[in-house]
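Structure first, commentary second.
The values are calculated or read from the model by the stated rules, or taken from the named source; none is laboratory data. All values derive from a computational prediction rather than experimental measurement. Heads up, the Cβs are rebuilt from the backbone with ideal geometry, glycines too, and the neighbour counts pull from every protein chain shown. When the accessible area is computed, the model is the full protein with side chains, heavy atoms only, and any ligands, DNA or RNA have been set aside. Shrake-Rupley method; radii C 1.70, N 1.55, O 1.52, S 1.80 Å.
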Amino acid sequence: MSPRPTDRPARGRTGPGGVPQRTAPLSRARVQAYLVARGYSVGLDDDGDLTGTWDGNRFWFLLTGEQDEVLQVRGRWHRTLPAHRRTAALLAVNDWNRERIWPKVYLREEDDDRVALYTEMAVDLEHGVTDDQLAQLVACGLGTGVQFFAALGGLVPDDDPSAGGGHPEQHRP
């Protein structure tokens, strides 16, 4: 693994006034600053991960890897489905993944015999990232996740709103 970036210019990237932008290491503070500057309400969950809700869906902005160099934007649909609807959900997931690059979409069975749907976009930023690049990546992970959940809502009618339609952390920042 190569050393972390140290304020080096990014090729072809310029900021205000034509000044070259510089890469800097990925950090939770930089991701949070971008989201707050856009007017979004975000907070830290019990694990210390940056999180918020968009259109009722929970999103996390995770830093993983040996040096927190991998940005992962993960979303969880605000509804869950009964286990008997797993096959239909898989068809929607496979259609999405076949037709689009982002986000990766998957489902996960939960403890209460229900199925939850997730979106995920991850990118390795070992060599650093400019502010503009970081903004583009966060916007892509968040925007495409929201887009999938909106499409899913149209495909999967809420035929039993009382049966686990939400997530316990849905309304927390």
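Within the stretch 113-167, the only residue that satisfies the criterion of being modelled with pLDDT under 85 and closer than 28 Å to Ala33 by Cβ is His167. Checked against (1) farther than 21 Å from Ala24 by Cβ; (2) crowded, with 18+ Cβ neighbours inside 10 Å, Thr130 meets all criteria but (1).
Summed over the stretch 14-45, the residues that are at pLDDT below 95 and loosely packed, with under 15 Cβ neighbours inside 10 Å give a count of 7. Taking the stretch 98-124 as the range and being of a type outside the set (Val, Ile, Thr), open to solvent by less than 60 Å² (accessible area, probe 1.4 Å) and over 12 Å from the mean Cα position of the chain (by Cα) as the test, the residues that pass are Tyr106, Leu107, Glu110, Arg114, Ala116, Leu117.
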